[in-house]
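*Asks:* The structure's right below; bear with me while I get my questions together.
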Amino acid sequence: MSSNQKPPPHVFHARLAAGTLFFANGVGLATWATRIPAVQQDLHLSPGHFGLALWGMAAGAIVAFPFTGWLISRFGSRIVSTVVSFLFCLFLPLPVLAPNLILLWLALFVLGMCNGAMDVSMNAQAVSIEEEYGRPIITSFHGLWSIGSIVGSAIGSVMAAQNIHQLPHVLIIACIIMVVSICSWRWLLTVSPTGTNHPAFALPSKALIGIGIVALCAAVSEGAISDWGAIYLHQSLGTTAAFAAAGFAIFSGAMTVARLTGDKISHHLGAAKTVRIGGIISTLGIALALFVPNPITVVIGFAGVGLGIACSIPLVFSAAGRLPNISSGVALAGVATMSYGGFLAGPPLIGGIAEIFTLRGALGIILLLSILMTVLAYTLDHSARAKKGAAAANEQAEATIPQGK
């Protein structure tokens, strides 16, 4: 379909349905995040023990990624995303019900598996819808996730302020997003499984590794600012806790704005150039924050990082889903593993370096990663050319086959 044509109604409806899943996932995760302090307090867990429990969610997601790719290659993203979104909502209240550390870890492991599977499957659905549109639309899906996260956080803050217990709060939200997610099923795009044409498991190609490293750079940077940005403002620069929180909110807001406008930008510039410019903006932003250590300039710099990295992971997902000779689900699972691993590894890495040097010096890693992301942006163009080359080869092969009567 030409990029100037309006999509058929069923494709437009599929976009709305998939966007609903992204929004619901953002609301659900933010709902859990806002009630973490209450769960920690009820179980009387130390920060170290509770941190150990949170690793359960990460472990569950990493385990789920490759299996989700396999399921998508066999059954298609429509069925998989519907089932796992239902399971995500079903198990969302599980951590709130856990009576001790061990069961909390297991509950978060199960929730992490559901969330990881939902992440890969709904992105696979988004990539298929984007192909039907014939123009970039994937960053808007991630923008809806960000909006959902803001909505879930706002609701959670109100519930906590009103001293409403976390169980009824999480149950109500889980039921609402479950109904919404189930209702969206009928409008999701039906995509033929690729299990008969592509291997479900495969070693990553050079193209997949290249774009995966771009996602890794963006994810480590996002995790570093999310976990350490406010601490840098409050402890290293001596700002108030409110100012530090506002700094993080501005960073998050910059990412949301960039994702909601990223489709138009990438449509005009192309994915590789969009990521390259984003890498430059992120480099300049973190350089400003580190070399001019004034609270105002640091917040402006963090906003630059948010603007710069926001579209990288969505565009990488889009590029991975279009790679030839590999199931889109398997390719997306590989990229998700790298980006999620980076998001998890970034904050501990920053903390370890800060112990040796300073937090300001440790945040210099973001500068290096932003430069690397800028250099490797060309890999997104390579994936697009590989897709076109494979399509041309298939057309040529079909043309040489004698046509029967």
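Every number in this text was worked out from the coordinates using simple rules, so none of it is lab data. All values reported here derive from a predicted model rather than from experimental measurement. Cβ atoms come from the backbone with ideal geometry, glycine included; neighbour counts cover every protein chain shown.
*Asks:* Given the options GLN125, GLN41, GLN166, which has the most mean-square fluctuation in a GNM of the chain, springs set between C-alpha atoms less than 10 angstrom apart?
*Replies:* In the Gaussian network model the winner is GLN41.
*Asks:* I need PHE67, PHE22, PHE109 ordered by Cβ neighbour count within 10 Å, fewest first.
*Replies:* PHE67, PHE109, PHE22
*Asks:* Follow-up question, since we're still on this one. Evaluate the Kirkwood expression for the hydrodynamic radius of the stretch 196-394, namely the inverse of the mean inverse distance over all pairs of different C-alpha atoms, and round to one decimal in Å.
*Replies:* 17.2 Å
*Asks:* Taking the Cα of PHE291, stepping 7 Å toward and past its beta carbon, and measuring to each backbone N in the stretch 357-380: which are under 13 Å?
*Replies:* Residues 367-368 fall inside that zone.
*Asks:* Answer with one residue from ILE296, GLY279, ALA246: the one whose Cα lies farthest towards the positive end of the charge dipole of the stretch 219-339, charges on Cβ with Lys, Arg +1 and Asp, Glu -1.
*Replies:* GLY279
*Asks:* Of GLY19, GLY238, GLY56, which is the most mobile in a GNM of the chain whose springs link Cα atoms less than 10 angstrom apart?
*Replies:* Its mean-square fluctuation being the largest, the pick is GLY238.
*Asks:* OK, next. What is the magnitude of the charge dipole of the chain about its Cα centre, with +1 placed on the Cβ of each Lys and Arg, -1 on the Cβ of each Asp and Glu, and no other charges, expressed in debye to the nearest 20?
*Replies:* Magnitude of the dipole: close to 760 debye.
*Asks:* Next up: Using Cβ contacts closer than 10 Å as the measure, can you line up PHE23, PHE88 from fewest to most?
*Replies:* Arranged by neighbour count, lowest to highest, PHE23, PHE88 become PHE23, PHE88.
*Asks:* I've got another one for you. Need one number: nm distance between label points at GLN5 and ILE102, each 7 Å from Cα along Cα→Cβ, rounded to one decimal.
*Replies:* In this crude spin-label approximation the distance works out to 6.1 nm.
*Asks:* A follow-up question, please. Report P(r) for the chain: all Cα-Cα distances, bin width 10 Å, range 0 to the bin holding the largest distance, values in whole percent.
*Replies:* 5, 22, 32, 26, 11, 3, 1, 0, 0
*Asks:* Given the rule -39500 (n - 2.57) for each run of at least 4 DSSP H residues, summed and divided by the residues of the chain, what is its mean residue ellipticity at 222 nm, to the nearest 500 deg cm²/dmol?
*Replies:* Per the formula, -27500 deg cm²/dmol.
*Asks:* Follow-up. First check a/c for the stretch 332-376, with a ≥ b ≥ c the square roots of the eigenvalues of its C-alpha gyration tensor; if it is under 1.5, answer rounded, and if not, answer prolate when a/b is larger than b/c or oblate otherwise. It would help to have the intermediate numbers written out before the result.
*Replies:* On the way: a/c = 4.76, a/b = 1.53, b/c = 3.12.
Cα axes put the stretch 332-376 in the oblate bin.
*Asks:* Build a GNM of the chain with springs between Cα atoms under 10 Å: which of ILE150, ILE296, ILE281 gets the top mean-square fluctuation?
*Replies:* Fluctuation is largest for ILE296.
*Asks:* Right, here's the next one. Could you tell me the distance between the Cα centroids of the stretch 70-141 and the stretch 243-303, to the nearest Å?
*Replies:* Comparing the Cα centres of the stretch 70-141 and the stretch 243-303, I get a distance of 27 Å.
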